Amino acid sequence: MKILLVEDDVMIGESLEEGLRAEDYRVTWVRDGQAAALALARDHYDVILLDLGLPKRSGLDVLREYRRAEGAAQVLILSARDRIADRVQGLDEGADDYLPKPFDFEELCARIRALTRRRGGRNDGLLSHQGVLLDPRSRKVTLAGEPLELTMSQFEMLRALMENPGAVVSRARLEQRLYGIDDQAESNTIDVFIHQLRRKLGSQFIRNVRGFGYSLSADTPT
Ligand code: CA
């Protein structure tokens, strides 16, 4: 699950980034409102942890623009501005929850879990990597917002890789995923599908781990 952490306080940012990574979240940390808006325009996140008092652009400003653009991530405001009027405004602008600073890390984790549950099941199931968004329910894939046409086999291969970001998926597992879709699937068929996917997604998107299988390329830092 991908979290965008928007926090200008270095001490808080560092400890949250470290703590959330230890909980197995994929965290991108940005330190001002402009960087936050840029990150949100470029990539998909499941949860946004948003400070309000930020350099360059305020958190509320970023939130307003994000919701206007129909950004669908769960937004949890983390702010020392804990007056009731501020909370109300934050929620009215499209935040899903509000946690006043200082807060307990355990409580933050519990709120993140609650938000992603509320979203239905294991978050909304959307998978994203480097501008590619895969929706297992609708079986739609987009690249930088543009729809991609994939065959069923290509889709299943991509899904297997995107469900395991950072891991190498073995050929045997990829063959298993194709079982029942493409009964002729053999190891050279896997190579053919990977080749087709690379042509659609860019040659750098999928990495070959010789003798074992494939993985997504490493996330580029934003
Ligand atoms: Ca701040």
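The values are calculated or read from the model by the stated rules, or taken from the named source; none is laboratory data. Please read all numbers here as calculations on a predicted model, not as lab measurements. Note: ideal-geometry Cβ built from the backbone for every residue, glycine included; neighbour counts use all protein chains shown.
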Query raised in the report: Pick from the range 70-88 the residues that are over 20 Å from MET1 (Cα atoms) and surrounded by 17 or more Cβ atoms within 10 Å (Cβ to Cβ): which of them is modelled with the highest pLDDT?
Result: SER79
Report summary line: Residue set PHE205, PHE155; condition more than 30 Å from TRP29 (Cα to Cα), aromatic (Phe, Trp, Tyr) and at pLDDT 80 or above; output residue PHE155
Report task. Would you please list the contacts, defined by Cβ atoms under 7 Å and residues six or more apart or on different chains, that run from a residue in the range 1-29 that is without any contact (Cβ under 8 Å) to a residue 12 or more places away in the chain to a residue that is of a type outside the set (S, T, N, Q)? Result -> ARG21/VAL27
**Report entry** Residue in the range 1-13 that is nearest to the ligand (Cβ to nearest atom), counting only those that are under 16 Å from the mean Cα position of the chain (by Cα) and over 17 Å from ILE77 (Cβ atoms)
**Finding:** LYS2
Report task. Tally the residues that are crowded, with 22+ Cβ neighbours inside 10 Å and either over 23 Å from PHE103 (Cα atoms) or in contact with a Ser or Thr (Cβ under 9 Å, 6 or more places away or on another chain) (or both), restricting the search to the range 51-65. Result -> 3
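Looking at LEU16, is it part of a loop (DSSP other than H, G, I, E, B) and within 16 Å of the ligand (Cβ to nearest atom)? I'd like the intermediate steps shown before the answer.
Details: part of a loop (DSSP other than H, G, I, E, B): no; within 16 Å of the ligand (Cβ to nearest atom): yes.
Judged against the criteria, LEU16 is not a match.
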**Report entry** Test: residue in the range 37-50 that is surrounded by fewer than 17 Cβ atoms within 10 Å (Cβ to Cβ) and among the aromatic types (Phe, Trp, Tyr)
**Finding:** no
Requested in this report: Evaluate the range 57-64: report whether one residue or more is more than 12 Å from the ligand (Cβ to nearest atom), over 20 Å from MET1 (Cβ atoms) and either in contact (Cβ under 8 Å) with a residue 40 or more places away in the chain or hydroxyl-bearing (Ser, Thr, Tyr) (or both).
Outcome: yes
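Conditions tested, residue by residue: (1) part of a loop (DSSP other than H, G, I, E, B); (2) within 30 Å of SER203 (Cβ to Cβ); (3) without any contact (Cβ under 8 Å) to a residue 24 or more places away in the chain.
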residue	(1), (2), (3)
GLY53	yes, no, no
TYR66	no, no, no
ARG81	yes, no, no
GLU106	no, no, yes
ILE112	no, no, no
ARG117	no, no, yes
LEU134	no, yes, no
ARG137	yes, yes, yes
PHE155	no, yes, yes
Requested in this report: With the checklist (1) within 22 Å of ALA218 (Cα to Cα); (2) of a type in the set (A, V, I, L, M); (3) out of contact with any strand residue (DSSP E or B) (no Cβ under 6 Å at 6 or more places or on another chain); (4) away from the ligand (no atom under 16 Å from the Cβ) in hand, flag the one item ALA35 doesn't pass.
Outcome: (4)
Report task. Would you mention how many residues in the range 26-36 are under 16 Å from MET1 (Cβ atoms) and surrounded by fewer than 18 Cβ atoms within 10 Å (Cβ to Cβ)? Result -> 1
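Would you check if ASP46 is more than 14 Å from the ligand (Cβ to nearest atom), within 22 Å of LEU126 (Cα to Cα) and either modelled with pLDDT under 95 or in contact with a strand residue (DSSP E or B) (Cβ under 8 Å, 6 or more places away or on another chain) (or both)?
yes
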